[in-house]
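Right, one structure below, let's go through it.
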Amino acid sequence: MSICYHTDPMKVVYHLIYFAIGCYETAYKLGLSLSFRQEIMKWNGWGYSDSRFLFNKKGQAEFTGKRYRLSGLILPSLKDWFEGTFGANLQHKSPPTVNLSAVAPPNLNEPFIEDLKAAGVAASHDPEDRVFRAHGHCLHEIFALREGRIGRVPDMVVWPSCHSDVEKIVELACKHNVCLIPYGGGTSVSSALECPHEETRSIVSLDTSQMNRILWIDEKNLTAHVEAGIIGQDLERQLNEHGYCTGHEPDSMEFSSLGGWVATRASGMKKNIYGNIEDLVVHIKMVTPRGVIEKSCLGPRMSTGPDIHHFILGSEGTLGVVTEVTMKIRPIPEYQKYGSVVFPNFQQGVACLREVARQRCAPASIRLMDNEQFQFGHALKPQVSSIFMSFLDGLKKFYITKFKGFDPHHLCVATLLFEGDRGKVLQHEKQVYDIAAKFGGLAAGEDNGQRGYMLTFVIAYLRDLGMDYYVIGESFETSVPWDRVLDLCRNVKERIVRECKERGVQFPPLSTCRFTQTYDAGACVYFYFAFNYRGLSDPVHVYEQVEHAAREEILANGGSLSHHHGVGKLRKEWMKESVSGVGLGMLKSVKEYVDPQNIFGNRNLL
Amino acid sequence: MLKKRDDFEDILEERRRSSDLRYALRCYTPTLYRGLVPCKASMLKSIVLQSDHLQYVIKQVSSESGESTEGVSEEASLILDEMAHCLQLSTIRFFAFTLSKAFKRLFRSVCVNEEGIQRLQQAVQEHPVVLLPSHRSYMDFLMMSYLLYTYDLPLPVIAAGMDFMSMKFVGEMLRMSGAFFIRRSFGGDKLYWAVFSEYVKTMLRNGYAPIEFFLEGTRSRTCKSLTPKTGLLNIVMEPFFKGELFDVNLVPVSISYERILEESLYARELLGIPKPKESTSGLLKARRVLSEDYGSMYVYFGHPVSVRSLAEGKINRSQYNLLPRYIPQKPSADTHEFLSDAAFRLVRIQEENMVLKPWVLIATLLLQNPDGLDLSSLAEQTDWLRHLALAFGAFLDWPDHEACSEVVSCSLALHRHLLSVSAGHVQLSVTDVPQVETTPEEAVFHQAVVVLSCASYRNQILHVFLRPALLAMAMQSANSNRKDDVYNGFNFLRKVFSNEFILCPGDSVQDFEEACYLLMKRGVLQVLEHEIVMSASGHSTLAFLSSVLDPFLQGYQVVCRYLCEETNENLTEKEFIPAVRSFALKLILAGNTCYEALSSDLQKNALAAFLRLKAVRKLCLFTFLFLCHTGGKIPTQKPILARL
């Protein structure tokens, strides 16, 4: 689709405006279309249309575009890593196909549309608009799109521009019995945006992207009142202009929305300083079929029965639409410093993270990659510009592997991000490096640390490259108590390898993990899993079976169903086991009271 | 039904050709577990003592008993000292040398399935391994270590009964060859259990060495498999349940002897001549055994059984999520059931892989014909039985291209001490009776030794005939041909005999179907929708099958009669065996029952069965155990009596 847009001279102009300004909100004010986002983003892959990995004519990997540090650079070792890890071959391509004729005609509820028009809410039933909002970024969703298979999609899209628009839409939806599916940034990885097959009513995607303003900033209380449709990077940029930040930086912050964070209980990488979304929100306003739910004051904490915010946080669009959020803000930190530490093996690295958590001295972010990911990170090193740099790299490698005796097939890396005033950061840094040294860790430089964080933004793009060459993969996460982390990581990785083998995957899969968050009582672990699917008749099915097995393994080893991705429809089957029958019943009874007609019918969670 | 069996290799062949000394000193480089955490035996001790689990239990015990934690720790350390092995390669080399000499004298051949060894080699690298050999002789674990040394596999550490320890020097030798010693009973001793289980788990988790233990708990004196114990099995499975290991491979090993070294020793023990205490001098006296021919020995390494796949869908591992893993947790009811089921399955695998020699068939026939058989008819019947056994899936090692009569006479020769052969007539009989006058009672005992020795060979093949035999017996006693009646009878017998034979609890329908299938395939039965009908030619097979179990039924009947007729008063458990024995002796002298009723093993099993079926009740725990009849006893026993 995006390809066709480039033929439209007006759209090209919009793009130019966008690049010049670099902000959705301003672009919108300048009169860009309602579906502006879908014009600069891929419809069947991750992120911006202009940014992608490809193998050029010389067979070298490069990353296109200008948005990221890696953009426009050649990555000389990616090809070897890619071929070596997956047994993939650049001769064997599996490019996407484009087929929009498969979109079924919309099932429209005419009276609803008429009332909507009368209320003055923008709407569309253009197939492109509908397809764009019919999916998140689960492997099966993207794979199907690339193959041109399009299932049930919303019948129309509406764009409320403020809280009262949402109230009108919800009221009309109840009146005409249409199904509403809230849509924020579209970065779900839990099948949460998938339209339920059994839904016979007209499905309306409620796109919050136009509700993207910061309504006020309160410097006395350090809070900001923001419309929930705002995208993470816009929120951060606009607050920065006032000298503030929220500090909430999930890996998807370029594309995900505030409302989405609230609805899924999101977690940001700097939660050690700023907290997760549940710690950041002070007040939430949500429109439900029963009316608006909100607290009466902005008190920092309340003892008024169970916190009603916790019915909203993680409700995954089943109860209503979050329209406005008051959240904490902080002055932009004076100083930021990246860092990294190399450990001789994963066990030592984990022990170090545990000690850091014990002493409660975790920096803004601390992450630990296992050896496979360390190697992968290496493969993404751009071409070095000078002989001196390459000499220096060689020297570092020599020092670590030969002089310090680290086995390159066992060593692992922690990346760090410190924030605060300069003096404290340096002091903090020393404390953390001292702990690391006790566990055999060697400081490995700021640059490696920074690259580690940059990779989290581009890694999602890499899946699209894999899919061009018969490689599919995905990530999933869990949280687990400290005493079980190592066992869980080992067992899950091994289970993945074994399941792949049993299901006829020809080449051993990439099965790797990293710690992305530490807590007092445990850690959040992220798994990456990818394999070469040549020779398999139904690769997505195999993929799903393996992922299912991996999740069972996680639960059997004391891990949680999800740390921050949410449940959606993908992990629904384990909800009862996870929260007990009574727990599930409680949630169901809330749903029944708030939304007896099942207007918010995405069928997530419950 | 006949599976393709692996080929065997005789390891003694090589030993007879080359130097034992060079063999004992050869370079030993075992295949290792890929997740091995290198660790010395001495380090092992401190890992165990400092483990969270043991520290927790020490604190618990100390707060319960009021003793200081140092005192309890000291105690734990002593327990560990008493228990721990100190595996040394040099001792293994010593054994490799001496055992080579001994084995060559004792056995014609020691046959090992090479494919099993290859499978084990693979399994050892992937996950920690637990070796589960059958237990028929002291020889078993010496042989296991010897074989693993021979095939360059990691040497196992072996859970052995404390009774060995009392053998001076030998106990220490065994310790140095990898044995660790556990007390026979330590039911209530928390600290002991903690030390013991942590010791085993640490070795398993670190991949220190394969763990070897006997599911049956002790040597089977009857050559029947014993009801498996689940305690140690639980210990080796727990690291998997708790996620500490990805998987554990269980390798059932079947060790069978053509002639058992302890043959007559066992028979005497069963007849009440107590087991001589293990002592070094006793072992030296046993040197006499070295001069005899014990035929061949077979070791079959079964397919590794993954605990993970066994537990799939049966164990919900998340039940361990809510308690820190160092806190000991009693297995849940589900886990218990799983452990017992797994243990039974493993023992059945052992049984199935047990190599049977032709003598086993001959012994079966001779026991059914106490007056003996003509050689020619023995050969003929043996051949018939051979085909039956093969059809039922017996793992029979029958020499190729040899006439049946030839095979029979070879077998008779090896076991001549149990037989008298005159004028072509073979009979089980006492061969070396002292010439002095004997009382009739003594004569009975002498004959009983022969019969029980012989029965121990028949018992080796019982697992092949068991299910069809139960069916045959059920059909005989059922009032009708109706399938439900027969099944009820079958199920009843199965319940009565479930202490005697390996019958997985809960498998009764499966067993019944298996029995029907086997007999139908053989043309003995026709199984219709509601009826089971014997075919015209089936009579002899059914008669044979039911008489296989006949001695057991008779034995149980004796116990029953004893309980009904002789004891009006309460009876202590201690008095039970001698009393039943003299009761049985009287019946034998009167010609009313068979010799096997004298077996204390059978008597104990019968009592346990009656207790389980609530025909008899235990009144009081502790030293004085009283037994009394309950009202339920008569109806339960009547059917048994009725069926005789």
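Just to be sure before I move on: is residue A:112 more than 28 Å from residue A:37 (Cβ to Cβ) and of a type in the set (A, V, I, L, M, F, W, C) in the structure I sent? Show your work before the answer.
On the way: more than 28 Å from residue A:37 (Cβ to Cβ): no; of a type in the set (A, V, I, L, M, F, W, C): yes.
Judged against the criteria, residue A:112 is not a match.
Suppose we filter segment A:320-341 for residues that are in contact with an Asp or Glu (Cβ under 9 Å, 6 or more places away or on another chain) and open to solvent by 10 Å² or more (accessible area, probe 1.4 Å); how many remain?
Result for segment A:320-341: 8.
Residues of segment B:534-572 being open to solvent by 40 Å² or more (accessible area, probe 1.4 Å) and outside any helix (DSSP H, G or I), which ones?
B:534, B:568, B:569, B:570
Can you name the residue in segment A:200-239 that is among the charged types (D, E, K, R) and open to solvent by less than 10 Å² (accessible area, probe 1.4 Å) and is also farthest from the chain's Cα centre (by Cα) among such residues?
Result: A:227.
Scan (1) assigned to a strand (DSSP E or B); (2) open to solvent by less than 10 Å² (accessible area, probe 1.4 Å); (3) more than 22 Å from residue A:333 (Cβ to Cβ) for the single condition residue A:255 breaks and write down its number.
(1)
Name the residue that is farthest from the chain's Cα centre (by Cα), counting only residues in segment B:34-60 that are closer than 11 Å to residue B:195 by Cβ and not hydroxyl-bearing (Ser, Thr, Tyr). Walk me through how you get there before you give the answer.
Of segment B:34-60, the ones closer than 11 Å to residue B:195 by Cβ are B:45, B:48-49, B:51, B:53-54, B:57-58.
Within this subset, residues satisfying the condition of being not hydroxyl-bearing (Ser, Thr, Tyr) are B:45, B:48-49, B:53-54, B:57-58.
Values: B:45: 31, B:48: 31, B:49: 33, B:53: 32, B:54: 32, B:57: 33, B:58: 35 Å.
Applying the filter and picking the extreme gives B:58.
What tally of residues in segment B:321-345 results from selecting those that are of a type in the set (Lys, Arg) and within 13 Å of chain A (Cβ to nearest Cβ)?
1
Condition (residue is away from every other protein chain (no Cβ under 14 Å), of a type in the set (A, V, I, L, M, F, W, C) and under 19 Å from the mean Cα position of the chain (by Cα)) applied to segment A:584-603: is it met by at least one residue?
no
Among what's in segment B:298-320 and is open to solvent by 40 Å² or more (accessible area, probe 1.4 Å) and in a loop (DSSP other than H, G, I, E, B), pick the residue that is farthest from the other protein chains (Cβ to nearest Cβ).
Out of the qualifying residues, it is B:303.
Yes/no matrix, rows are residues, columns are (1) modelled with pLDDT of 95 or more; (2) touching a helix residue (DSSP H, G or I) at 6+ places or on another chain (Cβ under 7 Å); (3) part of a helix (DSSP H, G or I); (4) more than 14 Å from chain B (Cβ to nearest Cβ):
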{"position": "A:452", "(1), (2), (3), (4)": "no, yes, yes, yes"}
{"position": "A:461", "(1), (2), (3), (4)": "no, no, yes, yes"}
{"position": "A:465", "(1), (2), (3), (4)": "no, no, yes, yes"}
{"position": "A:478", "(1), (2), (3), (4)": "yes, yes, no, no"}
{"position": "A:508", "(1), (2), (3), (4)": "no, yes, no, yes"}
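Select from segment A:485-498 the residues that are open to solvent by 10 Å² or more (accessible area, probe 1.4 Å), touching a residue at least 60 places away in the same chain (Cβ under 8 Å) and facing another protein chain (nearest Cβ under 7 Å) and list them in ascending order.
Selection gives A:487 alone.
Out of everything in segment A:513-550 that is of a type in the set (A, V, I, L, M) and part of a loop (DSSP other than H, G, I, E, B), what residue ends up being farthest from the chain's Cα centre (by Cα)?
Top of the filtered list is A:536.
Keeping to segment A:536-590, report how many residues are under 22 Å from residue A:188 (Cβ atoms) and polar (S, T, N, Q).
Here the count works out to 4.
Consider residue A:553 carefully, then state whether it is in contact with a Lys or Arg (Cβ under 7 Å, 6 or more places away or on another chain), outside any loop (DSSP other than H, G, I, E, B) and touching a residue at least 60 places away in the same chain (Cβ under 8 Å).
yes
Inspect segment A:503-520 for any residue being open to solvent by 20 Å² or more (accessible area, probe 1.4 Å) and under 29 Å from residue B:322 (Cβ atoms) and give the result as yes or no.
Yes - at least one qualifying residue is present in segment A:503-520.
Per-residue answers, yes or no, for (1) of a type in the set (A, V, I, L, M, F, W, C); (2) open to solvent by less than 60 Å² (accessible area, probe 1.4 Å); (3) in contact with a strand residue (DSSP E or B) (Cβ under 8 Å, 6 or more places away or on another chain):
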site	(1), (2), (3)
B:466	yes, yes, no
B:486	yes, yes, yes
B:505	no, no, no
B:520	yes, no, yes
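Residue-wise test of (1) of a type outside the set (D, E, K, R); (2) out of contact with any strand residue (DSSP E or B) (no Cβ under 7 Å at 6 or more places or on another chain); (3) more than 14 Å from chain B (Cβ to nearest Cβ).
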| residue | (1), (2), (3) |
| --- | --- |
| A:456 | yes, yes, yes |
| A:500 | yes, no, yes |
| A:552 | no, yes, no |
| A:563 | yes, no, yes |
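Note down all Cβ pairs under 6 Å where the first residue falls in segment A:268-281 and is under 23 Å from residue A:299 (Cβ atoms) and assigned to a helix (DSSP H, G or I), the second is at pLDDT 95 or above and open to solvent by 50 Å² or more (accessible area, probe 1.4 Å), and they're at least six residues apart or on different chains.
A:280/A:328
Against the conditions (1) closer than 13 Å to residue B:133 by Cβ; (2) outside any loop (DSSP other than H, G, I, E, B); (3) open to solvent by 10 Å² or more (accessible area, probe 1.4 Å), where does residue B:234 fall short? Just the number, please.
(1)
Picking from B:75, B:114, which residue would you name as being open to solvent by 10 Å² or more (accessible area, probe 1.4 Å) and over 23 Å from residue B:17 (Cα atoms)?
Numbers: B:114 fails: over 23 Å from residue B:17 (Cα atoms).
Just a single option satisfies the conditions, and that option is B:75.
Looking at (1) part of a helix (DSSP H, G or I); (2) open to solvent by 30 Å² or more (accessible area, probe 1.4 Å); (3) touching a Pro at 6+ places or on another chain (Cβ under 9 Å), which is the only condition residue A:169 fails?
(2)
Of all residues being touching a Leu at 6+ places or on another chain (Cβ under 9 Å) and in a loop (DSSP other than H, G, I, E, B) in segment A:222-240, which is nearest to residue A:295 (Cα to Cα)? Just the residue, please. Let's see the steps before the verdict.
Here is the first cut: in segment A:222-240, the residues touching a Leu at 6+ places or on another chain (Cβ under 9 Å) are A:223-232, A:235.
Subsequent filtering for residues that are in a loop (DSSP other than H, G, I, E, B) retains A:228-230.
On the way: A:228: 16, A:229: 20, A:230: 21 Å.
Checking each candidate, the answer is A:228.
Residue by residue through segment A:523-550, note down the ones that are touching a strand residue (DSSP E or B) at 6+ places or on another chain (Cβ under 6 Å), among the small types (Gly, Ala, Ser) and open to solvent by 10 Å² or more (accessible area, probe 1.4 Å).
A:530
Please state which one of A:476, A:531, A:515, A:527 is more than 24 Å from residue B:244 (Cβ to Cβ) and among the hydrophobic types (A, V, I, L, M, F, W, C).
Testing whether each residue is more than 24 Å from residue B:244 (Cβ to Cβ) and among the hydrophobic types (A, V, I, L, M, F, W, C) leaves just A:531.
Filter segment A:565-582 down to the residues that are more than 27 Å from the chain's Cα centre (by Cα) and either away from every other protein chain (no Cβ under 14 Å) or open to solvent by less than 40 Å² (accessible area, probe 1.4 Å) (or both) and list them by number.
Selection gives A:581, A:582.
Yes/no per residue for (1) touching a residue at least 24 places away in the same chain (Cβ under 8 Å); (2) hydrophobic (A, V, I, L, M, F, W, C); (3) closer than 22 Å to residue A:279 by Cα:
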residue	(1), (2), (3)
A:331	yes, no, yes
A:356	yes, yes, yes
A:359	yes, no, yes
A:364	yes, yes, yes
A:373	yes, no, no
A:379	yes, yes, no
A:383	yes, no, no
A:401	no, no, no
A:406	yes, yes, no
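The values are calculated or read from the model by the stated rules, or taken from the named source; none is laboratory data. All of these numbers come straight from a predicted model, not from anything done at the bench. All Cβ positions, even for glycine, are placed from backbone atoms using ideal geometry, and neighbour counts span all protein chains on display. Ligands, DNA and RNA are excluded from the accessible area calculation, which covers all protein heavy atoms including side chains. Shrake-Rupley method; radii C 1.70, N 1.55, O 1.52, S 1.80 Å.
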